[in-house]
Amino acid sequence: MMLQIEIDSLNKHYAGFHALKNINIAIEKGSFVALVGPSGCGKSTLLRTLAGLEKTSSGDIRIAGTSVIGKPPRERDVAMVFQSYALYPHMDVEHNMNYSMRLKRRPKPEIAERTRVAAETLGLGGLLDRLPKALSGGQRQRVAMGRAIVRNPKVFLFDEPLSNLDAALRVHMRSEIRKLHERLGATSVYVTHDQVEAMTMADHIVVMRLGVVEQQGSPLDLYDKPANKFVAGFIGSPAMNFIPVVTGPDGHTLAIEQDQAQHLILDRKLVPRSRLWAGLRPEHLSFTEVKDGLALDAVVESVESTGSMTFVTAAVASQQLVVAHSGRPEVEKGAAIRLHISPENVHLFDRETELAVF
Ligand code: ATP
């Protein structure tokens, strides 16, 4: 395994505000890493410290084995693609793309060739003499990518590059960016607040909150084994349901706190009488009995269908749960139903620390 980016014990303060707290991330060469988290968690700040656009307070960043602390952006061999695209409005597509090479006074034939290859890669061949204002959002986004590609950097840094595009184009561009990343054999770090984008694009996801890395791992690791309630609620769509539960005197049963008659029999033994959150993913709740499963009595509050999927909101002992069903279940508002879930799909979190309990 060759590491392309190593972030060690990194801290960043903005005039008294601790924006990045002891960040440690190792990024393999060729991997696609997504930084996700709610607004203000520090993901853009982290990306900008990699680019050299922000100074760090302590810790180290190495790119291809060499510390880049104190090095200006142009000496880091990284290229950044911004949400705003940051295109020069008075320059046509060709000149926007090769601006950095002209600035470095690269030989003219090299500039022409690298621009041609990047334009071809991105399907911009026929648009080289257009001004940005004469391009669609998706085309502008491609020009911004082209500008990064011509520099042939070791690392691509993306700061929410798709957030200005409509939903359909965003989905299309996700796979375009991912394919491009593979074709170029690049290492990419991609900031997004959209966990679905992170799940579909990345090999490795870093979940941040309040300047701290809450958990990192492969998309399915985070989905299957969230380390705490925050990650469990952040990864997965619709979001995981949480209901307060308590373990029984023997540690083998779980009861819903508001309705102790509703018991779940556990497939493991836990500390007796502990107060926990049970985390139930909407797609794991079923209307039909599950072998050795757990059952919950519920009342249907609403039924919404997107055509392919049906989302049912149901109340279990005054707690609302969302059920995601890939079909059209025959349930209607007001009906009393039983929801079922396999014991291995019940996630548990300590009520105080919010850490996962296994
Ligand atoms: P968003 O998704 O909203 O862009 P983010 O996760 O990218 O959020 P950052 O932009 O990295 O968050 O900001 C992290 C924290 O640092 C925020 O609380 C923000 O207010 C603060 N911050 C960012 N830039 C500065 C600055 N120049 N001076 C002071 N505080 C800043």
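Computed from the coordinates by the stated procedures, all read-outs in this text should not be read as laboratory data. The shown structure was predicted, so the numbers you read here are calculated from the model rather than taken from an experiment. Cβ placement follows ideal geometry from the backbone for every residue including glycine, while neighbour counts extend to all protein chains displayed.
Below, the figures for the structure above:
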| read-out | value |
| --- | --- |
| The range 99-109 - phi-based ³J(HN,Hα) in whole Hz, Karplus 6.51/-1.76/1.60, Gly and Pro as x | 3, 5, 6, 5, 4, 7, 6, 5, x, 3, x |
| Efficiency of FRET from Cβ geometry, Ser136 and Thr306, R₀ 30 Å, rounded to 0.05 | 0.65 |
| Using a Förster distance of 30 Å, the FRET efficiency for Leu53-Glu182 (Cβ separation, nearest 0.05) | 0.65 |
| Calculated P(r) tail over 34 Å for the chain, as whole % of Cα pairs | 40 |
| Under the Karplus curve 6.51 cos²θ - 1.76 cosθ + 1.60, θ = phi - 60°, whole-Hz ³J(HN,Hα) for the range 12-21, x wherever Gly or Pro sits | 9, 10, 10, 5, x, 9, 8, 7, 10, 10 |
| Rg(Cα)/(2.2 N^0.38 Å) for the range 118-222, N = residue count | 1.15 |
| Extension reserve of the Val212-His172 stretch, reckoned as 0.36 nm per residue once the Cα distance is removed | 11.3 nm |
| In nm, spacing of pseudo-spin labels at Lys225 and Arg106 (7 Å Cα→C-beta vector) | 4.3 |
| Backbone HN-Hα couplings from phi across the range 57-69 [Karplus 6.51/-1.76/1.60, Hz, Gly and Pro as x] | 8, 7, x, 10, 10, 10, 10, 6, x, 10, 5, 10, 4 |
| The range 234-261 residues near the modelled Val299 label - backbone nitrogen below 15 Å, point 7 Å along Cα→Cβ | 259 |
| The range 281-358-the range 144-205 distance, computed between alpha-carbon centres (Å) | 34 |
| Long-range HN-HN contacts of Gln4 with modeled amide H, under 5 Å | Ile27, Glu28, Lys29 |
| Relative compactness, the range 1-54, computed as alpha-carbon Rg over 2.2 N^0.38 Å | 1.18 |
| Pairs from Lys43/Lys108; Lys229/Lys291; Lys71/Lys133; Lys269/Lys333; Lys104/Lys133; Lys71/Lys229 whose Cα-Cα separation, in the structure shown, is over 30 Å | Lys43/Lys108; Lys71/Lys133; Lys269/Lys333; Lys71/Lys229 |
